[in-house]
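See below for the structure under consideration.
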Amino acid sequence: MTDMQDPQKEAPRQSQAATQRKASFFATAKAVFWSFFGVRKKSDYEQDAAQLNPVHVLIAGVIGALIFIATLVIIVRLVVAK
């Protein structure tokens, strides 16, 4: 037998490891906010890539996008109302 591992067994381990990372949801929300703002240091990005939970990133991104859209709608309604 060879030392190669079965790719079908390796994929669940990688996805399980990705969803069990250490960063809190608040840390994820902070990273997503700075990403929306467009300001990220390379060292912060690398640290986030190692620690952030991808599920939290997805949820925080959707919440951030909804807040952004709601803010734009409110601004447009205020401007058009005058």
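Counting other Cβ atoms within 10 Å, which trypsin sites (Lys or Arg not before Pro) in the stretch 36-75 have at most 16 and lie in a DSSP loop?
Values: sites: Arg40, Lys41, Lys42; in loops: Arg40, Lys41.
Sites meeting the loop and neighbour criteria: Arg40, Lys41.
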Apply the Karplus curve 6.51 cos²θ - 1.76 cosθ + 1.60, θ = phi - 60°, to the phi angles in the stretch 54-65 and return the couplings in whole Hz, x for Gly and Pro.
x, 5, 5, 4, 4, 5, 5, x, 5, 4, x, 5
Considering amide H positions built from the backbone, and no H for Pro or chain starts, which residues 5 or more places from Asn53, or on another chain, come under 5 Å of its amide H?
Ala23
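No lab work stands behind these numbers, since they all come straight from the coordinates. On a predicted model such as this, the values are computed, not experimentally measured, just so you know. Every residue, glycine among them, receives a Cβ derived from its backbone with ideal geometry; neighbour counts consider all protein chains shown.
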